[in-house]
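Contents: one structure, followed by commentary.
The values are calculated or read from the model by the stated rules, or taken from the named source; none is laboratory data. Keep in mind it's a predicted model, so treat the numbers as computed, not measured. Using ideal geometry, Cβ is built from the backbone for each residue, glycine included, and neighbour counts are taken over all protein chains shown.
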């Protein structure tokens, strides 16, 4: 848990030095990276760490629960990007500087049913929430193909309902038998009963927009919490 | 990097506590005014004269305070999301009072109304003061509409802070004119 490296400061945010401990491939272009957890670094499920890198800052939601002894993030490698290819190639025990925790995308217990909606690696904060003990939620995970359904077994075990929404042309290959063929918005429009829900949205801006507008039309008494992946 | 989603294109937005409301909602008006005040403070900081460069640090602190004010206004009374927000305290208002006293000690006594203006930074301070008063009026309206005293308490600390902040901005405007050698312009009937 202790990186053995003292925190420094960068502006107002404390910066911690961490070590890359493990790298696990989730699909062709996405990895789970395990980092050492600095002493004194506390966070809540759903929050992000920020890599403070010379090429700029990069935020990633932690997939750990707060009690974990390490830090884990789920990162899609952008081949022509400045940071993620370096992260993908970094030797084990390489040093990275992070700050955090950042963000307010935290589960708020309520009487209304919770509906989690993720696209791609936007699933990350929901894994952290599940690992921190959140239960009873309905989860929609939108990806192009079944390869992108990271952490599916773990999430199915925690969720009251799990729906894989596969939008790619070849989505049928290796798809779960209960998968929905189409986008998360199409599923919500067709299958979520009218009512008041707490929606938690994490993913690309287009999904956030489409689901938010759908909520305004079909589920107007609901709450919406969102986290955009840029 | 995109900063837009288009989720508000049909006139609604999300509060920090998750509710979807029209952008003309009284709560949005209130934190919109606080946002405007923060922007005016940024202009004020950019116009500070060398003689008052140390005020820049104070302005940055006020801007950080106003981010907390905005977050508080964007969160409904009783929402569990309040637990994530750092509320302003009586110490924040007390710090403003101390800053007012410190600046005021250097100023000549005031015996009549003054006309806003003078050094550009002082003019921005007066602008900030008037926007702050508008924000305060919006928050008074929210507190009044809250009805139940326990819900009115949600706004009590903000009202004290905004009231004191506008006083600070008035004194700051005078101070900025004073240190740059520009006398107060008195109102003559």
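Some observations on this one:
- Just one of (1) modelled with pLDDT of 95 or more; (2) within 14 Å of another protein chain (Cβ to nearest Cβ) fails for residue B:82. It is (1).
- Cβ-Cβ under 9 Å pairs, at least 6 apart or on other chains, region A:65-89 side at positive phi and in a loop (DSSP other than H, G, I, E, B), far side at pLDDT below 90 and exposed (fewer than 12 other Cβ atoms within 10 Å of the Cβ): none
- Each residue in region A:171-203 was checked for being in contact with a strand residue (DSSP E or B) (Cβ under 9 Å, 6 or more places away or on another chain), away from chain B (no Cβ under 14 Å) and surrounded by fewer than 16 Cβ atoms within 10 Å (Cβ to Cβ), and 7 pass.
Residues checked against (1) under 19 Å from the mean Cα position of the chain (by Cα); (2) assigned to a loop (DSSP other than H, G, I, E, B):
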| position | (1), (2) |
| --- | --- |
| B:4 | no, yes |
| B:9 | no, yes |
| B:28 | yes, no |
| B:37 | yes, no |
| B:67 | yes, no |
| B:75 | yes, yes |
| B:78 | no, yes |
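- Within region B:11-26, being free of Cβ contacts under 8 Å to residues at least 24 places away in the same chain and either assigned to a loop (DSSP other than H, G, I, E, B) or more than 8 Å from chain A (Cβ to nearest Cβ) (or both) holds for B:11, B:13, B:21, B:22, B:23, B:24, B:25.
- Meets criteria (surrounded by fewer than 17 Cβ atoms within 10 Å (Cβ to Cβ) and either under 17 Å from residue B:173 (Cβ atoms) or in contact with a strand residue (DSSP E or B) (Cβ under 7 Å, 6 or more places away or on another chain) (or both)) for residue B:120: yes
- Against the test of being under 16 Å from the mean Cα position of the chain (by Cα), in a loop (DSSP other than H, G, I, E, B), closer than 27 Å to residue B:18 by Cβ and touching a residue at least 40 places away in the same chain (Cβ under 8 Å), the options B:88, B:158, B:162 yield a single qualifying residue, B:88.
- Number of residues in region A:204-225 that are at the interface with chain B (Cβ under 8 Å from one of its Cβ atoms) and touching a residue at least 40 places away in the same chain (Cβ under 8 Å): the value is 3.
Here's the yes/no breakdown for (1) within 14 Å of chain A (Cβ to nearest Cβ); (2) in contact with a helix residue (DSSP H, G or I) (Cβ under 7 Å, 6 or more places away or on another chain); (3) exposed (fewer than 13 other Cβ atoms within 10 Å of the Cβ); (4) over 22 Å from residue B:129 (Cα atoms):
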position: B:7; (1), (2), (3), (4): yes, yes, no, yes
position: B:28; (1), (2), (3), (4): no, no, no, no
position: B:39; (1), (2), (3), (4): no, no, no, no
position: B:73; (1), (2), (3), (4): no, yes, no, no
position: B:86; (1), (2), (3), (4): yes, yes, yes, yes
position: B:93; (1), (2), (3), (4): no, yes, no, no
position: B:96; (1), (2), (3), (4): no, yes, no, no
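- Residue count for region B:41-52, restricted to those that are more than 15 Å from residue B:70 (Cβ to Cβ), in contact with a helix residue (DSSP H, G or I) (Cβ under 9 Å, 6 or more places away or on another chain) and either free of Cβ contacts under 8 Å to residues at least 24 places away in the same chain or within 14 Å of chain A (Cβ to nearest Cβ) (or both): 2
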